[in-house]
Each structure stands twice: as structure tokens, then as C-alpha cells.
Amino acid sequence: KKSFSSGLTAMEKKLAEYKCNTNEAIQLKLVRFPEDLEDDNTTFNPEYSHQVFGDDEIAFGYKGLKILLYYIAGNLSTLFRIEYTSKVNEKFDCVEADDVESKIREIIPPGFCTNTDDFVSLLEKEVNFKPFGMLLHTYSVHNEEAGEDITYQIYKADMTCPGFREYHERLQTFLMWFIETASFIDVDDERWNYFLVFEKYNKDGATLFATVGYMTVYNYYVYPDKTRPRVSQMLILPPFQGEGHGAQLLETVHRYYMSSPTVLDITAEDPSENYVKLRDFVLVKLCQDLLCFSPGKLMQGFSQEMVTEAQQKLKINKQHTRRVYEILRLRATDMGDAEQSRSYRLDIKRRLIGPYKKKQRELAKMRRCLRPEELMNQLNQIDLNMQHEQLEESFQQLISDYRRVLERVAQA
């Protein structure tokens, strides 16, 4: 009995050597020059791989597994290769290695290269790649490393642009690695709009374009003749993150829809924390000069005038306008002044307590139809002290988020 169990652990130990973390195994690159292929500095890894490899993000059956997914910077033509030092079924009969290749093939479109030479020869044709669609906005960012300003452009594209459908299929594979709950969209639905960010760069005296990121927006129909665009996915590729491209993209998209009389306002689908921070910054920047947000009016409280003006002029919906109001009012409030600070605190907490009040109303309803002992159970769940503590915590968290937004606006 004893020798069997110790034998098992030895076997388990051996098998454990054949587990690889897929976030580390997957190596991504955006390639501009042949020498980028050998340069480790151009490699980046996924933040997530659970959607392809399961919740534990492990591939079993290989030692030294590398899953290479290299993309040509603009056109995103793909090189896909798997490398490893050894594979499990060469040594053990009873276990089988994961089929890593078919898992990756499920998310990347066909037509990829499998060897470096083909990929490098495609790289030479990259000079012919031009952005899709209509140019909306050009901006530049000073790059410390290069010691110069780099130019970026934002385009609006759709499926009628030649080659865009195939390009988009390659582009959306990045969602799997960088958005926790990503899904591919139905590109045959014509209500999708696509906004793309490109960097202009030079190579042998020619101007080329590299993909920086993109956003998809779905135009919901609102009776009788309006639409309500909803931001669905937004991704700035990791080599470009933290340079302000997300803000440029979101502001450009807002400005694009602002000029359309049929658009009501812009919403977002299940936004991440980072997206909310980004949106706060962009919307505050857009709104700060509206008359309805002058300090005098901010001090009088949230008003219908704010809702109307932000919606009509900037296509901002009511919920987001409320946040903008709270952030701008914080800027206009002297928090060292007891009266001003108390008034601000009450104003925010009144909004935060809304959901609690709703619960209270539901309990009142229950009171009428529950037996006393059942009611006690319900009431014990909502302890008033806890409410106050939670409320204070939410308030403090909000204030620190708002201060960060204001710092960023001050620097912009």
C-alpha cells in the first residue's frame, strides 16, 4: 500500500514539471523591423488567457512551452508557432498533452504564417498598408525615448472598406488576452461602428502606420428616429498604454457623435474600473466650460439644466452627467470650510443612500406579509451602523477617485 502512494507522488512530481502558465508561455509582438523578432524588449504577454486555456491558465504536457503570436505592426499579418523543449507523451503512455495549437486556432483567423521567413517577406510589403476609413482626428505625443513628437491618427471604419473585415478579425484576437470577459462581435450587423488609432512611423524614408488600439460602438435604435451609441469594447495595445491614447479615442468618438442630430447620448456596456476613470476624465474635460457647470450653479446642486445641456451639446447621459457634476463641484468646494464640506458630503451621500432606501422600502413591504421571526432575519441583514460605515467608505473612495480625475484634468 505504502509504496503505491509514494510512487504516485513521484509520478505527480514528474507530471508537475509539464505544466506551463499560459500567460507566460504566450509571447506577443508587434513587429516593425526584422530585428524586432530577436529583441526581447518588443515582447509582451497576455493579462488573461482563461478564456482560451481555462480558469487555472495552465497548459499541460510541455516543458519550456512558448506560444509565439507575432503580428506585423500595421496590417496585423500573423506568425503563429509553438516551441517547447520536451513533450509529455514521448515519455509517459498514460497521459496526453493539451492540444495547444487547436485552442489558438479557434481564435486566430486562418491565413497565418508558420515560419519566420514567410513572415519577414510579408513585412517588406507593409509599406503598402494604409489605415481604413475616414480620418477623424490627428494628434501628437512627445516621446521621451525618441526625443521627438510622434503623430497619431484616429479613423472611423466600417465593413465596406476593402480588407477591413479580415484586418478586424486579426485585431479582435487581442481582446481575448486583455479584456477579462471578451467576446467577438457579429460583424454582419451594420449598426457597429469601428474607431481605430494608428501611429505614423518612418522606415527607410517611407511613412508607415502601426495599429495602436480601437473601439467598437453599437448604435441602438431609440423610437422613433434616434440612436443611442453604446461603447462595447475598447483596447489600447499594451506597448501604447499609459500615453493618453484612450482619452484621445474616447473624446474623438464623443465629438464624432456630437455632430449628429439623431444621436441622443452615449452609454457603455458593463464598463471596467479603468474605463470609468478614463470616461470621468474625458467628460469632465468636455463639460468644465459649459455654463450650467459654473461654480455658482454647482453650489446650488444637481439640476435638470445640467442634464439637458450635457445631453444636447455633448451627448452625455444623465447618470454620467451626475458624476461630472460631483467631480466639478468637488473642485469648486473648499473642503476646509465646515459648511461647504458638510453640504457636499450630504449631497453625495444622499445619492449613495438611494439603493439602501430602496431596500428599506422593500422591507416595509415584507413587514406587511412576513411572520415576526422571518422579519427579524431580514432586518438583521441590514444593520444601520454598517450602513453608515459602508456609506462613509464609499464616500471616501469616491472622493479619492474624483481627486485623481481633477489632477489629470489640471495637467491636461
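The values are calculated or read from the model by the stated rules, or taken from the named source; none is laboratory data. Computed from a predicted structure; not experimentally measured. For neighbour counting, all protein chains shown are included, and Cβ atoms are generated from backbone atoms with ideal geometry for every residue, glycine included. Ligands, DNA and RNA are excluded from the accessible area calculation, which covers all protein heavy atoms including side chains. Shrake-Rupley method; radii C 1.70, N 1.55, O 1.52, S 1.80 Å.
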* Would you kindly derive the ³J(HN,Hα) couplings of region 65-76 from the backbone phi angles with the Karplus curve 6.51 cos²θ - 1.76 cosθ + 1.60 (θ = phi - 60°), listing them in order in whole Hz, with x for Gly and Pro? => 6, 10, 10, 8, 10, 9, 10, 5, 3, x, 6, 6
* Asked: Helix 304-314 versus the longest principal axis of the chain: what is the Cα-based angle in degrees, 0 to 90, to the nearest 10?
  -> 30 degrees
* Asked: Ranked from highest to lowest mean number of other Cβ atoms within 10 Å per residue, what is the order of the peptides 47-59, 240-252?
  -> 240-252, 47-59
* **Charge-dipole axis of the chain as Lys and Arg at +1 and Asp and Glu at -1 on Cβ define it, positive-most pick from Cys161, Leu398, Gly54** => Leu398
* Report in % the part of the accessible area of region 14-126 that belongs to carbon and sulfur, leaving out ligands and nucleic acids; probe 1.4 Å. => 42 percent
* To do: Please give the helix 245-258 orientation as an angle from the longest Cα principal axis of the chain, in degrees from 0 to 90, rounded to the nearest 10.
  => 60 degrees
* Paramagnetic reach from Lys285 (point 7 Å along Cα→Cβ, amide N under 20 Å) across region 205-235 -> 212-217, 231-235
* Asked: Using Cα pairs under 8 angstrom and six or more residues apart, how large is the relative contact order of region 65-222, in percent?
  -> 21 percent
* Structure fact -> Candidates for mean projected area of the Cα convex hull in nm² are (i) 46.4; (ii) 22.5; (iii) 31.2, and the calculated one carries label (iii)
* May I ask you to give the solvent-accessible area per residue for the chain, in square angstrom, as obtained with a 1.4 angstrom probe? => 55 Å²
* To do: Give a residue-ordered list of calculated ³J(HN,Hα) values for region 228-241 (Karplus: 6.51 cos²θ - 1.76 cosθ + 1.60, θ = phi - 60°; whole Hz; x for Gly, Pro).
  => 10, x, 10, 5, 9, 10, 8, 9, 9, 5, x, x, 10, 6
* About the Cα centre of the chain, what is the dipole size in debye to 20, counting +1 per Lys and Arg Cβ and -1 per Asp and Glu Cβ, all else neutral? -> 2100 debye
* **Cα-based helix-to-principal-axis angle, 318-332 vs the chain, degrees rounded to 10** => 70 degrees
* Structure fact -> Asserting the computed 222 nm helical MRE of the chain (DSSP H runs at least 4 long, -39500 (n - 2.57) per run, divided by residue count, to nearest 500) equals -13500 deg cm²/dmol
* Structure fact -> Length gained, Arg165-Met258, 0.36 nm per residue minus C-alpha separation, equals 30.8 nm
* Structure fact -> Taking Cα pairs closer than 8 Å and at least 6 residues apart, the relative contact order of the chain in percent is 9 percent
* **Per-residue HN-Hα couplings for region 143-148 [Karplus 6.51, -1.76, 1.60; θ = phi - 60°; Hz; x = Gly/Pro]** => 9, 4, 4, 7, x, 8
* Structure fact -> The set of residues whose placed amide H lies less than 5 Å from the amide H of Gly244, leaving out same-chain residues fewer than 5 positions away, is none
* Pop out the carbon and sulfur fraction of the accessible area of region 294-411 as a percent, whole number, probe 1.4 Å. => 50 percent
* Placing +1 at every Lys and Arg Cβ and -1 at every Asp and Glu Cβ, with all other atoms neutral, what dipole size does region 294-411 have around its Cα centre, in debye to the nearest 20? -> 580 debye
